[in-house]
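Contents: one structure, followed by commentary.
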């Protein structure tokens, strides 16, 4: 007999009424398709497609338009990738090995004076705008006035040595573009910092709780930062290069010439294009240089707006500072960048 308890009452059952056989084995679990398909399978499928459709693909590749597209795309990538990689490496070094408290100690206590100092401090931070957003959030968490942190956020991706060097390489016959980009970007950063002091409200910024990682070696943190920046910035660079090549091939030359002939429309068009393309600041100069139909002033607007306002930056700012901040700060920055770039372009270009 085997005792059993049910609702506090002990009962007994004959042993022959109990099923002592082992439970049936579970059916084998089927591996999801996404886990079974790897790089080898994808490569095999691509090879099969190439073999089956080799004749149509051969005709497509020989198309002059596609050859032009490939030439523009490859030229932009070849020129931009070295600067992108070098900038990402230096940005990771500074982000990992420079103490975060350094920034709060280096800035003046008075908010109005901290804004220009923070803007100029962007010169020592080689990196793209993807890294400036979380750094600005960290500065605010450590007591830096938001106006100075926001000025740093806007200036760092545009006036650091890597970006200015890339601009000089992209515009070898127009060295004034380097000066114009640095001056215009610095003016916009300081303007937005002082504007925040005047009109900004503390409740517009809502930083999410993000505890600092502990127990992670500097080497692991360094390579994690490199992988993150390369993945994000590299992906946006490819998209931007593809877009630039597509514009050069698909958009009729007469349309571009008509648009470029209108100074105001040309500036606005390239400013909006910079927002949509979301190119890393270490590579956007090469894309701007490929848009040779437009004036230097219009391309300057592209270079000033891009590192400050684009789709990826708006989403990152909404995630770090909150939606109320992003919906106010991004449009105001766009207007200021377009106006300042136009004014600086008229004077220096």
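Table for the structure above
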| read-out | value |
| --- | --- |
| Selection status of residue 334, over 27 Å from residue 169 (Cα atoms) and surrounded by fewer than 23 Cβ atoms within 10 Å (Cβ to Cβ) | no |
| Residue within region 162-170 that is closer than 18 Å to residue 314 by Cα, part of a helix (DSSP H, G or I), touching a residue at least 24 places away in the same chain (Cβ under 8 Å) and within 18 Å of the chain's Cα centre (by Cα) present | no |
| Members of region 306-324 that are part of a helix (DSSP H, G or I) and under 13 Å from residue 192 (Cα atoms) | none |
| Residue in region 293-304 that is in contact (Cβ under 8 Å) with a residue 60 or more places away in the chain, touching a helix residue (DSSP H, G or I) at 6+ places or on another chain (Cβ under 9 Å), surrounded by fewer than 23 Cβ atoms within 10 Å (Cβ to Cβ) and under 21 Å from residue 170 (Cα atoms) present | yes |
| Options 332, 266, 337; residue that is part of a helix (DSSP H, G or I), at pLDDT 90 or above, more than 24 Å from residue 122 (Cα to Cα) and out of contact with any strand residue (DSSP E or B) (no Cβ under 6 Å at 6 or more places or on another chain) | 266 |
| The listed residue being over 18 Å from residue 195 (Cβ atoms), modelled with pLDDT of 80 or more and in contact with a helix residue (DSSP H, G or I) (Cβ under 8 Å, 6 or more places away or on another chain), out of 126, 108, 116, 134 | 108 |
| Cβ pairs under 6 Å, 6+ apart, first in region 322-342 and free of Cβ contacts under 8 Å to residues at least 60 places away in the same chain, second outside any helix (DSSP H, G or I) | 330/309 |
| Residues of region 194-220 classified as more than 27 Å from residue 83 (Cβ to Cβ) and at pLDDT 80 or above, total | 13 |
| Criterion violated by residue 310 - all others in (1) closer than 22 Å to residue 348 by Cα; (2) surrounded by 24 or more Cβ atoms within 10 Å (Cβ to Cβ) satisfied | (1) |
| Selection count where residues are surrounded by 15 or more Cβ atoms within 10 Å (Cβ to Cβ) and either more than 30 Å from residue 226 (Cβ to Cβ) or modelled with pLDDT of 75 or more (or both), scope region 61-85 | 7 |
| Of the criteria (1) modelled with pLDDT of 75 or more; (2) farther than 20 Å from residue 188 by Cα, which one residue 146 fails | (2) |
| Selected residue (only one of 166, 180, 149 is under 23 Å from residue 112 (Cβ atoms) and buried (at least 23 other Cβ atoms within 10 Å of the Cβ)) | 149 |
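The values are calculated or read from the model by the stated rules, or taken from the named source; none is laboratory data. The structure displayed is predicted, hence computed values, not measured ones. Glycine also receives a Cβ, built like all others from the backbone with ideal geometry; neighbour counts cover every protein chain displayed.
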